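Presented below is the structure to which this report refers.
The values are calculated or read from the model by the stated rules, or taken from the named source; none is laboratory data. If you're wondering where the values come from, they're calculated on a predicted model, not measured in any experiment. So basically every Cβ, Gly included, is an ideal-geometry build from the backbone, and we count neighbours across all protein chains shown. Heads up: the accessible areas ignore ligands, DNA and RNA and are worked out on the full protein's heavy atoms, side chains in. Shrake-Rupley method; radii C 1.70, N 1.55, O 1.52, S 1.80 Å.
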Amino acid sequence: MMDEIVVLAGENPADIMMRKIIEHKDEHNIDNLESYSYETYNKLELDLSDLTDNFMDRRVFKPFKFVFENIDSVSEEKPYLPMFITETLSNYYFQQDPKINKEVIQASKISGIENESVTQFLDNMYQKIDIYENFMPVMGKNIPSPITNQALFYYKFSLVDSAFIDNQWSYQLTFRPKRKQEMAFVGDMWVSDTTFAVRRISMQLVSKDVNVNFMEKLSVFQEFQQVKGTIWALKKDKLIINFISTEKAPGVIGRKTASFKDFQFNDAKINDFLNRKEEIEVQKK
């Protein structure tokens, strides 16, 4: 029997949650610990894509014709041919004060073609995507993190879903650049309830939107695990870069994957490496 109902729009619930995430993010960053160590497995792969008949029919490839007949056409949108793979198993040590980080390589393996062109692509694959940093260097550009302190200036967020993940209630938020052609990511992330820690994040950059040379698309997937109190550390890290192909040459897809386990905190082993100058060491067997 009411004559009139007035509905006033409130604040976007996703923005409220983002303020909480930004407020608490330093509590979850593992680099705030005094010291830690972990075991990590890294794999870096370069694949050829967009292979034309003219390219595959070159005389130099005649003895390897069977290779092109076994191109992977199942696991990707485009068929690709693995060209170079390197794998490394290592232990990583970090100390906050004085700040020291060292890596001890336990084992490594390299397979495939290695030349100047491959080295150039490999250099581009060493992109450190740290969402806890306000800005992340990507192919010579500084891209704002989705959880940068100014995230609400660069991104538009939406709260789209919720579910239990590892027995913890979590929320899914999507994000996209707030303004057209803004240098920012497009993607989504799952955030733990109460602690407001990022559990996993998936995001992309598309070259036509951000004008990054030599790159068609960059994709990032990261999954975090709770390792000590409020601290969350990377569990899985995956980076894929689709490099732009030309009429005379095939495209190149770079893939970097890493997994992390066996976290230790305030471990005596860290002190054993404090007086060594090398940041990267190869263990002798």
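Give me the pairs, please: first residue somewhere in segment 225-242 and part of a strand (DSSP E or B), second residue anywhere and open to solvent by 70 Å² or more (accessible area, probe 1.4 Å) and modelled with pLDDT under 90, beta-carbon distance under 6 Å, and either six or more positions apart or on two chains.
Note: pairs meeting the criteria are Asn242/Glu216.
Looking for something among the β-branched types (Val, Ile, Thr) and over 21 Å from Lys236 (Cβ atoms) - is there at least one such residue anywhere in segment 105-117?
The answer is yes, given that some residue of segment 105-117 is among the β-branched types (Val, Ile, Thr) and over 21 Å from Lys236 (Cβ atoms).
Going through segment 10-35 one residue at a time, which ones are open to solvent by less than 80 Å² (accessible area, probe 1.4 Å), of a type in the set (D, E, K, R) and at pLDDT 90 or above?
Once the filter is applied, which keeps residues that are open to solvent by less than 80 Å² (accessible area, probe 1.4 Å), of a type in the set (D, E, K, R) and at pLDDT 90 or above, segment 10-35 yields Asp15, Lys25.
Kindly indicate whether any position in segment 198-205 is over 23 Å from Glu27 (Cβ atoms) and buried (at least 18 other Cβ atoms within 10 Å of the Cβ).
Within segment 198-205 (the criterion being over 23 Å from Glu27 (Cβ atoms) and buried (at least 18 other Cβ atoms within 10 Å of the Cβ)), the answer is yes, since at least one residue qualifies.
Report whether or not Phe157 is more than 19 Å from Ser37 (Cβ to Cβ), of a type in the set (Phe, Trp, Tyr), part of a helix (DSSP H, G or I) and in contact (Cβ under 8 Å) with a residue 24 or more places away in the chain. So that I can check it myself, show each step before the final result.
Details: more than 19 Å from Ser37 (Cβ to Cβ): yes; of a type in the set (Phe, Trp, Tyr): yes; part of a helix (DSSP H, G or I): no; in contact (Cβ under 8 Å) with a residue 24 or more places away in the chain: yes.
No, not satisfied.
Filter segment 128-142 down to residues that are touching a strand residue (DSSP E or B) at 6+ places or on another chain (Cβ under 9 Å) and either closer than 18 Å to Met18 by Cα or of a type in the set (Gly, Ala, Ser) (or both) and give me whichever is least open to solvent (accessible area, probe 1.4 Å). It would help to see each step written out before you state the result.
Kept after step one, since they are touching a strand residue (DSSP E or B) at 6+ places or on another chain (Cβ under 9 Å), are these residues of segment 128-142: 128-132, 134-139, 141-142.
With the extra rule that they be either closer than 18 Å to Met18 by Cα or of a type in the set (Gly, Ala, Ser) (or both), the set shrinks to 130-132, 134-135.
Values: Asp130: 28, Ile131: 1, Tyr132: 31, Asn134: 48, Phe135: 84 Å².
Step by step, filter segment 128-142, then rank; the result is Ile131.
Specify which of the listed residues (Ile105, Ile110) is open to solvent by 60 Å² or more (accessible area, probe 1.4 Å), aliphatic (A, V, I, L, M) and under 17 Å from Leu44 (Cβ atoms). Working first, answer last.
On the way: Ile105 fails: open to solvent by 60 Å² or more (accessible area, probe 1.4 Å).
After ruling out the rest, the residue left standing is Ile110.
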